[in-house]
1. Report yes if residue B:188 is part of a helix (DSSP H, G or I), of a type in the set (D, E, K, R), surrounded by 14 or more Cβ atoms within 10 Å (Cβ to Cβ) and not assigned by the TED database to the domain that holds residue B:66, otherwise no.
2. Across the stretch B:87-111, which residue is nearest to residue B:147 (Cα to Cα) among those that are open to solvent by 10 Å² or more (accessible area, probe 1.4 Å) and more than 10 Å from every other protein chain (Cβ to nearest Cβ)?
3. Note down all Cβ pairs under 6 Å where the first residue falls in the stretch A:33-51 and is closer than 17 Å to residue B:98 by Cα, the second is open to solvent by 30 Å² or more (accessible area, probe 1.4 Å) and of a type in the set (Val, Ile, Thr), and they're at least six residues apart or on different chains.
4. Going by what's in this entry, would residue A:145 be described as open to solvent by less than 10 Å² (accessible area, probe 1.4 Å), of a type in the set (D, E, K, R) and touching a residue at least 12 places away in the same chain (Cβ under 8 Å)?
5. For residue A:54, only one of the following conditions fails: (1) open to solvent by 10 Å² or more (accessible area, probe 1.4 Å); (2) assigned to a helix (DSSP H, G or I); (3) hydrophobic (A, V, I, L, M, F, W, C). What is its number?
6. Inside the stretch B:115-129, can you point out the residues that are in contact (Cβ under 8 Å) with a residue 40 or more places away in the chain and in contact with a Phe, Trp or Tyr (Cβ under 9 Å, 6 or more places away or on another chain)?
7. Among the residues of the stretch B:83-109, what is the count of those that are of a type in the set (A, V, I, L, M, F, W, C) and touching a Leu at 6+ places or on another chain (Cβ under 8 Å)?
8. Any idea which of (1) under 25 Å from residue A:212 (Cβ atoms); (2) outside any loop (DSSP other than H, G, I, E, B); (3) out of contact with any helix residue (DSSP H, G or I) (no Cβ under 6 Å at 6 or more places or on another chain); (4) open to solvent by 10 Å² or more (accessible area, probe 1.4 Å) is the one residue A:21 doesn't satisfy?
Number of protein chains: 2
Amino acid sequence: MTLKFYYDLMSQPSRALKLFLTVTKIPHEDCPVALRKGAHKQEPFLSVNRFGRVPAIDDDGFKLSESVAIVRYLSQKYGVPNNLYPKELKAQAAVDEFLEWQHLDLRLGCAMYFQTKMLRPMFTGKPPNEKTLALYLDRMNTSLDNVENIWLGSGNPYLVGSQLSVADIFAACEIEQVDIDVTKERPKLGAWLERVRRDLHPHYAEYHKLIKKLHTATQSKM
Amino acid sequence: MTLKFYYDLMSQPSRALKLFLTVTKIPHEDCPVALRKGAHKQEPFLSVNRFGRVPAIDDDGFKLSESVAIVRYLSQKYGVPNNLYPKELKAQAAVDEFLEWQHLDLRLGCAMYFQTKMLRPMFTGKPPNEKTLALYLDRMNTSLDNVENIWLGSGNPYLVGSQLSVADIFAACEIEQVDIDVTKERPKLGAWLERVRRDLHPHYAEYHKLIKKLHTATQSKM
């Protein structure tokens, strides 16, 4: 049985996991779930993930959600290049530290900004609430400053250590979702983002096509 | 060198990790960090965790933050009872699924409610903003309903499988922080919470003394 991968390229962790599956060459069957049609909140997908969220996997009957849990499961089961998700205890813990940190920091910051600025207006036809948007923009900027000054502060070319890891893939997919240039006053973040784009070429650009199209469509309406 | 554990019992993940260290009998040296005095945002603690958050550890010079990353590191390094953090791949992934889910769900829901209802008024002397509080109460209730209907929905005595795991410890410490009875219309959650309290007796009650004192103090002011 092939591993089934449920995802939508509009979702940040879906793109991160799709990139992870692509670069590790783990054999999988693509099972797109159309978020714009609400397919994630209906059967048959609810039988894969009872929470109705993408990404999720079905590995020969073993169903698992939550992108970070999936990365860890797949890394142990299939074995992946050591730089992507290290086997050595301390190196693995350092990558885990980022993966746990991002939930309530970078992910919350970027996702709430994206929802308020682009998703909600798209679904409701109403402009974003300016006060809410300012609040989330501020939160996102604090997180991005943490990436610039703390995660990349030591001069490392990547977020954790000297090689590309899943931490970089997760972070880049969050940041790429944002429709403004966040690298302008953050030179380390800018150089790092270019490095990640290059390392993951051509898949990175391919999986971000949809989100870039949405940026263009939103900007042309302003 | 003994493992140094930096924490404050006012912090939910600090209590969860302190309980984990206690029941696993992992030798450690308690290093309290007084949040009320702002010790987490100053040296020497910033040299332990550059993000200025508790809990954190220093294991003979290896510094690590983020409670979930710490649990995983300690489990691998010291070995812990299999029910608490399973070694078997799928059982471990199922516990990981909860630990990843809780960040933006149960933890965000309970922590934002707690901050708005109790922490902010305590520091500013002003009553909570009613609109913000209603928003977070609603978010928290959705998360608690997910615990009742999804995580405990299958009739399992614990969140993941048939035995106590770190998932239960993390969840209980979040829920215990809340100053209202959230078990009233959630019978499964109520029975589960009693089970966790009993399993972790007497440490559970001991580590929650401070938070219960805060609840009493807040209620007497109303």
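1. Details: part of a helix (DSSP H, G or I): yes; of a type in the set (D, E, K, R): yes; surrounded by 14 or more Cβ atoms within 10 Å (Cβ to Cβ): yes; not assigned by the TED database to the domain that holds residue B:66: yes.
Yes; evaluated as a whole, the condition is true for this residue.
2. Once the filter is applied, the top-ranked residue is B:91.
3. From the stretch A:33-51, the pairs are A:50/B:150.
4. Numbers: open to solvent by less than 10 Å² (accessible area, probe 1.4 Å): no; of a type in the set (D, E, K, R): yes; touching a residue at least 12 places away in the same chain (Cβ under 8 Å): yes.
Criteria not met by residue A:145.
5. In the conditions (1) open to solvent by 10 Å² or more (accessible area, probe 1.4 Å); (2) assigned to a helix (DSSP H, G or I); (3) hydrophobic (A, V, I, L, M, F, W, C), residue A:54 misses (2) alone.
6. Hit for the stretch B:115-129 is B:117, nothing else.
7. Our first condition is that a residue be of a type in the set (A, V, I, L, M, F, W, C); within the stretch B:83-109, this holds for B:84, B:89, B:91, B:93-95, B:98-99, B:101, B:104, B:106, B:108.
Checking the rest, the ones that are also touching a Leu at 6+ places or on another chain (Cβ under 8 Å) come to B:84, B:93-94, B:98, B:104, B:106, B:108.
Result for the stretch B:83-109: 7.
8. Against the list (1) under 25 Å from residue A:212 (Cβ atoms); (2) outside any loop (DSSP other than H, G, I, E, B); (3) out of contact with any helix residue (DSSP H, G or I) (no Cβ under 6 Å at 6 or more places or on another chain); (4) open to solvent by 10 Å² or more (accessible area, probe 1.4 Å), residue A:21 comes up short only on (4).
The values are calculated or read from the model by the stated rules, or taken from the named source; none is laboratory data. Since this is a predicted model, take the numbers as computed values, not measurements. Using ideal geometry, Cβ is built from the backbone for each residue, glycine included, and neighbour counts are taken over all protein chains shown. SASA here: full protein model, heavy atoms, side chains in, ligands and nucleic acids out. Shrake-Rupley method; radii C 1.70, N 1.55, O 1.52, S 1.80 Å.
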